[in-house]
Amino acid sequence: MSGFVEKPEPVEVPGLVHLHTGKVRDLYRNDAGDLVMVATDRMSAYDWVLPTPIPDKGKVLTQLSLWWFDRLKDLIPHHVISQELPAGAPADWAGRTLVCRSLDMVPVEAVARGYLTGSGLAEYRQSRTVCGIALPEGLEDGSELPEPIFTPATKAEVGEHDENVSYEEVVRQVGADTAERLRRATLDVYGRARDIARERGIILADTKFEFGFGQDGTLVLADEVLTPDSSRFWPADQWQPGRAQPSYDKQFVRDWLTSPASGWDRTGEQPPPALPDEVVAATRAKYIEAYELLTGTAWTL
Ligand SMILES: Nc1ncnc2c1ncn2[C@@H]1O[C@H](COP(=O)(O)OP(=O)(O)OP(=O)(O)O)[C@@H](O)[C@H]1O
Ligand SMILES: [Mg+2]
């Protein structure tokens, strides 16, 4: 079982057409035909959208993405047009809403990994490969890879697992030319972001991008970028391969959900329970800490 514990109703705003309710974002189209992307405070874990929001999370994700888009724009164009609030939008949309170019999305989760963990580690333990890429012997949880690798995944529906696929599978799905452009852009952007994060004491272990094509055929960086939801950020001074690394993300939520305190069985049919206040507060603080460390500015929104 998985999905939404409670499927949220879209907000009615005159002039906006609701297109899609994602796990975290609500998408609308405005009169100009642009995409209005609203990052809510919803949180997903273990393929569920949890019943308890994390206050301000959507604003942190949006502001951090904007900060990164600006630092990447000489490498690749991004989809953001403005932060202008549509007339009649709820006040709460401020800071979490982006007007974006509506793109023809490439149906691939473009993942770059510089370090081994998560689903990459699981595949490595089976076959010494990640997405079919051969890796040296002797790597463990958190090891740095000899060089960053492109490890694409298919985009799953709400409640389904994204699945790692080989580069050849991406070529089959989108063609050799698009596959190569995706791979190049993913590794270029990862390299830039890894260096920026490292200067701030953060290891960018891995991250997921989504790309789309504009009407003129340009490849555009879309969705959110380099946030705690799309990336693994590890404090560099605590990095120690051979164990799970502390990270700036959903760790508190995952730890609590899998602890006896939650009373929840991940593998069963029941939806996850509401989060206790202290788990919400600790998670909110982690998201804000990641924003402040990376951008070097205090969170004021
Ligand atoms: N510029 C864009 N044009 C069209 N679609 C976009 C653009 N940027 C992002 N998207 C899409 O908007 C959605 C963002 O919503 P969200 O992050 O909540 O979704 P998700 O949980 O990652 O995936 P899903 O939408 O399948 O639930 C994604 O489906 C993403 O592919
Ligand atoms: Mg998403």
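Roughly how many Å is it from the Cα centre of segment 236-287 to that of segment 47-62, as a whole number?
Taking the Cα centre of each part, segment 236-287 and segment 47-62 sit 14 Å apart.
So how strong a dipole does segment 8-133 carry about its Cα centre when Lys and Arg Cβ are +1 and Asp and Glu Cβ are -1, to the nearest 20 debye?
Dipole size: approximately 560 debye.
Among the lysines, select those whose C-alpha is under 26 Å from the C-alpha of Lys155, and discard any that sit fewer than 8 residues away in the same chain.
Within the straight-line limit of under 26 Å, Lys155 reaches these lysines: Lys7, Lys23, Lys57, Lys59, Lys73, Lys208, Lys250.
Just for the Cα atoms in the chain, what are the lengths along the principal axes, largest first, rounded to whole Å?
Its Cα atoms span 58, 51, 40 Å along the three principal axes.
Stokes-Einstein diffusion coefficient for segment 222-275 at 37 °C in a medium of 0.692 mPa s, Rh from the Kirkwood formula over Cα pairs: what value in µm²/s?
245 µm²/s
Using Cα springs under 10 Å in a Gaussian network model of the chain, which residue among Ser247, Ser65, Ser119 shows the largest mean-square fluctuation?
Ser119
Considering Cα pairs under 8 angstrom that are at least six residues apart, work out the relative contact order of the chain and quote it in whole percent.
20 percent
Quick one: putting +1 on the C-beta of Lys and Arg, -1 on the C-beta of Asp and Glu, what dipole do you get for segment 167-301 around its Cα centre, in Debye to the nearest 20?
300 debye
Quick check on segment 243-301: what are the equivalent-ellipsoid semi-axes from the Cα gyration tensor, as sqrt(5λ), descending, whole Å? Mind dumping the intermediate values first?
Values: eigenvalues 148, 35, 14 Å².
Each semi-axis is √(5λ); the values are 27, 13, 8 Å.
Cα gyration tensor of segment 3-68, axes a ≥ b ≥ c as square roots of the eigenvalues: rounded (a/c below 1.5), prolate (a/b > b/c) or oblate? Could the numbers behind the result be given before it?
On the way: a/c = 2.29, a/b = 1.30, b/c = 1.76.
Judged from the Cα gyration tensor, segment 3-68 comes out oblate (a/c at least 1.5, b/c at or above a/b).
In segment 105-264, with Lys and Arg counted as +1 and Asp and Glu as -1 at Cβ, which of these residues, Pro152, Pro241, Phe213, has the Cα nearest the positive end of the dipole, that is, farthest along it?
So the residue we want is Pro241.
For segment 1-126, what % of the accessible area comes from carbon and sulfur atoms, probe 1.4 Å?
Details: 2690 of 5420 Å².
Carbon and sulfur: 50 percent of the exposed surface of segment 1-126.
Using the heavy atoms of the protein chains alone and a 1.4 angstrom probe, what is the accessible area of the chain per residue in square angstrom?
46 Å²
Would you work out the charge dipole size for the chain about its Cα centre, treating the Cβ of every Lys and Arg as +1 and the Cβ of every Asp and Glu as -1, and quote it to the nearest 20 debye? Spell out each step's value before the answer.
Working: 31 positive and 47 negative charges, 77 e Å.
I would put it at about 360 debye.
If the chain between Val171 and Ala122 were fully stretched, how many nm would it gain, using 0.36 nm times the residue separation less the Cα-Cα distance?
Gain in length upon complete extension: 15.3 nm.
Per DSSP H run of at least 4 residues, take -39500 (n - 2.57); add these up for the chain, divide by its residues and hand me the 222 nm value, nearest 500 deg cm²/dmol.
Computed mean residue ellipticity for the chain: -9000 deg cm²/dmol.
For Cα pairs less than 8 Å apart in space and 6+ apart in sequence, what is the mean separation divided by the residue count of segment 140-229, i.e. the relative contact order in percent?
Worked out over segment 140-229, it gives 16 percent.
Please find, in a Gaussian network model of the chain (springs between Cα atoms separated by less than 10 Å), the residue of Asp188, Asp70, Asp237 whose mean-square fluctuation is greatest.
Asp237
Spelling out what I want: for every residue of segment 177-194, take phi, set θ = phi - 60°, compute 6.51 cos²θ - 1.76 cosθ + 1.60 (Karplus), and round to whole Hz; glycine and proline get x.
3J(HN,Hα) across segment 177-194, in whole Hz: 5, 5, 4, 5, 5, 4, 4, 4, 4, 4, 6, 5, 5, 4, x, 4, 5, 4.
First check a/c for segment 110-233, with a ≥ b ≥ c the square roots of the eigenvalues of its C-alpha gyration tensor; if it is under 1.5, answer rounded, and if not, answer prolate when a/b is larger than b/c or oblate otherwise.
oblate
Quick one: the Cα spread of segment 1-146 along its three principal axes, in angstroms, biggest first?
58, 41, 26
Of the heavy-atom accessible surface of segment 199-247 (probe 1.4 angstrom), what whole percent is carbon and sulfur?
43 percent
The values are calculated or read from the model by the stated rules, or taken from the named source; none is laboratory data. These figures come from a predicted structure and were not determined experimentally. Neighbour counts run over all protein chains shown; Cβ positions are idealised from the backbone, glycine included. Just the protein is used for accessible areas: all its heavy atoms, side chains included, with ligands, DNA and RNA removed. Shrake-Rupley method; radii C 1.70, N 1.55, O 1.52, S 1.80 Å.
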